[in-house]
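For reference, the structure discussed in these notes is given below.
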Amino acid sequence: MDFILNILIYIIAFICFLVGGLTIKKEERFLGKVIAILSIVGLSTVGTGLLISGVEEVHTYMYIVLLIEIGLLLANIFMNYLSKRVKSEVLIGVCVLVLTVVNLFTYVTYVVLTFVQY
């Protein structure tokens, strides 16, 4: 169960960073570049966390992180849907930037807690 939960968190975090980066595919302004850089940093962080962390037992924080990641994934998918319907790219860009920063913070916290609990 611990391995499946760990891998599930990695996959959802990876998909969150991908969806966040794909939402702002047309915007070439500063905001779009910041989102792209944060998405690349997030993707590389997920890859690094997958290689260096290992979990031997399930802790409560893993379920909390899983619920946060699922919520962020749903919010990113909704922002992707809105980006196709709404013409205000700046507002969508700011929302995606906030979601990407929260996702990065959540994932880094998860990796740090994995090492502290290990």
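Some observations on this one:
- Residues satisfying the stated conditions in the range 73-105, i.e. within 12 Å of A13 (Cα to Cα) and free of Cβ contacts under 8 Å to residues at least 60 places away in the same chain: L74, V102, F105
- Subset of the range 65-118 that is of a type in the set (F, W, Y) and under 11 Å from the mean Cα position of the chain (by Cα) - its residue that is nearest to V46 (Cα to Cα): Y107
Read the figures in this text as sums done on the coordinates, not as results from a lab. Model, not experiment: these values are computed from the prediction. For neighbour counting, all protein chains shown are included, and Cβ atoms are generated from backbone atoms with ideal geometry for every residue, glycine included.
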